[in-house]
Amino acid sequence: MAKPKKSANTLSELADNIVERQLTLRDQAAIDRKEMSGINKKIHAFGGEAMLFDHISQGKTTDSVIKSLDISIGGFYKWIEKDAKRGELLARARTRGGRSLAEQTLEIADSASPQEAQVAKLRVDTRRWLASKQAPDEYGDKQAPLVNIDLGSMALDALRKRTVVSLDDSA
């Protein structure tokens with residue numbers, strides 16, 4: 001655990017603190033560059049960005065792809081954030097992955113035997129849920145509008161406001 005730093009009493013101590021922070025920031029930047037270089041090399045060896053996003057488009061989870069690349073989750077998302085286009089590509093790959101998962105549910109259900117029905121149902125339900133999260137416009141639950149109209153009370157209000165003409169007044 002790092003010792004708490006004392007406040008600088010003199011200009012010399014203040015200058016030393018500034019230099020120390022600059023060295024720490026430079027060291028961190030070097031570590032970050034090395035990490036990004038390693039991630040780039042692993043992604044290139046995997047087949048490049050297109051291959052990475054293609055695996056996600058096939059319905060593979062981001063976590064499984066990251067594990068196969070042997071990179072950290074934090075490092076992967078730093079790599080994504082380095083280029084805005086990558087974020088868009090990841091979002092599109094996930095949407096396509098949702099479609100792929102939805103199609104897999106049909107294959108799983110069609111190939112299940114009566115003995116495997118419970119396991120197949122679990123696999124289908126899991127993929128359906130994940131598809132609804134990855135492609136919510138196509139597979140997400142549609143929310144009905146939260147409008148409740150009570151026609152009974154409206155009719156009663158209309159009757160109350162209506163003027164009543166008695167038979168005696170009509171003559």
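Looking at the chain as a GNM with Cα springs under 10 Å, which of 146, 69, 89 has the largest mean-square fluctuation?
Its mean-square fluctuation being the largest, the pick is 146.
Once Rh for segment 18-137 is found with the Kirkwood sum over Cα pairs, what is the Stokes-Einstein diffusion coefficient at 4 °C and 1.567 mPa s, in µm²/s?
Working: Rh = 16.4 Å.
Once the numbers are plugged in, D ends up at 79 µm²/s.
Tabulate in residue order the Karplus-calculated ³J(HN,Hα) for segment 79-91, using 6.51 cos²θ - 1.76 cosθ + 1.60 with θ = phi - 60°, rounded to whole Hz; enter x for Gly and Pro.
Couplings: 4, 4, 6, 5, 9, 4, 4, 5, x, 5, 5, 5, 4 Hz.
For the chain, set up a GNM with springs between Cα atoms under 10 Å and report which of 124, 65, 147 has the largest fluctuation.
Greatest mean-square fluctuation among the candidates belongs to 147.
Simple spin-label model, 7 Å along Cα-to-Cβ: residue 29 to residue 84 in nm?
About 2.3 nm separates the two model spin labels.
Taking the simple approach of a point 7 Å from Cα along Cα-to-Cβ for both residue 126 and residue 9, what is their distance in nm?
6.3
Any idea what the relative contact order of the chain is, in percent, if you count C-alpha pairs under 8 Å spaced at least 6 apart? The partial results should precede the final answer.
On the way: 101 pairs, mean separation 26.3, N = 171.
Here the relative contact order equals 15 percent.
Among 26, 86, 96, which one shows the highest mean-square fluctuation when the chain is modelled as a Gaussian network with alpha-carbon springs under 10 Å?
Top of the fluctuation ranking is 26.
If each of residue 112 and residue 143 carries a label point 7 Å out from its Cα toward its Cβ, how far apart are those two points in nm?
With each label point 7 Å from Cα toward Cβ, the separation is 3.0 nm.
Rule-based calculations on the coordinates, nothing more; no lab input. Source: prediction; values computed, not measured. Note: ideal-geometry Cβ built from the backbone for every residue, glycine included; neighbour counts use all protein chains shown.
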